[in-house]
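The values are calculated or read from the model by the stated rules, or taken from the named source; none is laboratory data. This is a predicted model, so every value here is computed, not measured. Please note: Cβ atoms are built from the backbone with ideal geometry, for glycine as well, and neighbour counts cover all protein chains shown. Note: accessible area is taken over every heavy atom of the protein model, side chains too, but ligands, DNA and RNA are not part of it. Shrake-Rupley method; radii C 1.70, N 1.55, O 1.52, S 1.80 Å.
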Amino acid sequence: QRNYQTARDLIQAMHDQAQTWTFDEFTFIQTTERGIPGTDSLSTSTWYEALRFPNFFRIDFGDPAEETAILYRNDSSFLFRSGKLVRQQAEVNELLLLMGGIRTMEVNQVLEQMAESGFNLDIFYPRSYKGQPVFVIGAMADDELSKQVWIHREYLTTVRRVDMLPDGRRMTIEFSDFEQHGGKWI
């Protein structure tokens, strides 16, 4: 485990590690909990997800037979309801950037896209998260409003992201239940 001094050092290490991956696609099932606006309640749903690096990500929301899904391809997203395209827009999926982009893009390109997406790359520090060593890019300690990504120091995997939604609500995404495949943590 190295002691990285900057966000660039960390992204470079993630890039270098990703060069040894032996797979380019995988699927997983995710339990998603969302706060219900105006209440203390949570809505829980199952998402069926498929990634193909460097630039394809599909999420089926709930029962796949209902054909409600979003596809991310390159720098665009396509939302389907009942199998019909209802929205298409320019949108970079940051998960693809932080996983697939690191594998296939030059480090400077990854850092440029992160900065364009709103990450403050000058803020970088180590801390603990759920008893595990992580680095935080984008926000200082106790800042739960700035856009940020938390990377496990040893496994070099994203374990947490924080972002503000357009309506002013905070979105926190936590990644857990990692499994080792081909010597890498997924």
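A few remarks follow.
- Counted residues, the stretch 39-59 - those being closer than 24 Å to residue 165 by Cβ and either among the aliphatic types (A, V, I, L, M) or at pLDDT below 80 (or both): 3
- Here is the figure for the stretch 139-169: residues that are surrounded by fewer than 16 Cβ atoms within 10 Å (Cβ to Cβ) and in contact (Cβ under 8 Å) with a residue 60 or more places away in the chain total 2.
- So residue 95, is it open to solvent by less than 60 Å² (accessible area, probe 1.4 Å) and either closer than 19 Å to residue 159 by Cα or hydrophobic (A, V, I, L, M, F, W, C) (or both): yes
- Lone unmet requirement of (1) under 22 Å from residue 30 (Cα atoms); (2) modelled with pLDDT of 85 or more for residue 178: (2)
- Hits in the stretch 103-125 (condition: assigned to a strand (DSSP E or B) and surrounded by 15 or more Cβ atoms within 10 Å (Cβ to Cβ)): 124
- Residues in the stretch 170-181 that are within 16 Å of residue 99 (Cα to Cα) and exposed (fewer than 14 other Cβ atoms within 10 Å of the Cβ): 6 in all.
- Any hit, the stretch 126-138, residues being without any contact (Cβ under 8 Å) to a residue 40 or more places away in the chain, buried (at least 17 other Cβ atoms within 10 Å of the Cβ) and of a type in the set (A, V, I, L, M, F, W, C): yes
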